[in-house]
Amino acid sequence: MTDRPSLDVARIVDEIRDEIQKRRAAGDLTVEDIEWLLERRLKASIAKARIDESLAARLLHESHDWNTDTGYEIRTTRTGFAGALIRAGKVVVRPFVRLYTDHILNRQSQINLAMWHVLLDAVERNTALEIEILKLRKEVRDLKDRA
């Protein structure tokens, strides 16, 4: 059995961190850095809009379950005969109400989704431009140092 030299894991990790810091200083961000920036910006925009925290968490999730739902549930907090009567009345009236509300709610869902994607696109483009500015500033500094 041959003896292998022991690896200095701490030194290797430090070298990797130094390399990442050099790349960041040069404007070359990692995919994780960019995702972190995007998430931070979205969270800041949501906080600035004073949106409920539970909705904010749902907005940042990959699904679109935050959007308006036209399949709302029929329920009441009343119990007993009065509650059963109210639920029955809601069931009877629901098809007529939905004739007027479904198209409005569906349109609102489409608008919500479109605006969310516009916001995401704007944040991504803004972040990409800022990264490009960082790279250009680094190049200008390097050119000034050469001169």
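The values are calculated or read from the model by the stated rules, or taken from the named source; none is laboratory data. This structure is a prediction, so every number in the text was calculated from the model and none was measured. All Cβ positions, glycine included, derive from the backbone under ideal geometry; neighbour counts span all protein chains shown.
State which residue pairs qualify: first residue under 10 Å from Leu38 (Cα atoms) and inside the stretch 116-128, second residue β-branched (Val, Ile, Thr) and surrounded by 12 or more Cβ atoms within 10 Å (Cβ to Cβ) in any location, beta carbons under 8 Å apart, and separation of 6 or more residues or different chains.
Short answer, once both residue conditions are applied: Thr127/Ile34.
When you scan the stretch 63-116, how many residues do you find that are assigned to a loop (DSSP other than H, G, I, E, B) and at pLDDT 80 or above?
Looking only at that region, the number is 3.
Table: residues versus (1) modelled with pLDDT under 70; (2) surrounded by 10 or more Cβ atoms within 10 Å (Cβ to Cβ); (3) farther than 16 Å from Leu134 by Cα.
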| residue | (1), (2), (3) |
| --- | --- |
| Arg4 | yes, no, yes |
| Ala10 | no, no, yes |
| Lys22 | no, yes, no |
| Glu32 | no, no, yes |
| Trp36 | no, yes, yes |
| Lys43 | no, yes, yes |
| Lys48 | no, no, yes |
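Only one of Glu139, Glu130 is in contact with a helix residue (DSSP H, G or I) (Cβ under 9 Å, 6 or more places away or on another chain), acidic (Asp, Glu) and in a helix (DSSP H, G or I). Can you tell me which?
Glu130
Show the residue pairs meeting these rules: Cβ distance below 9 Å; 6+ apart or different chains; first residue within the stretch 89-110 and under 17 Å from Trp66 (Cβ atoms); second residue outside any helix (DSSP H, G or I) and among the aromatic types (Phe, Trp, Tyr).
Leu105/Tyr72
Of the residues Ala84, Ala44, Ala57, which single one is farther than 30 Å from Asp33 by Cα and among the small types (Gly, Ala, Ser)?
Answer to the selection: Ala84.
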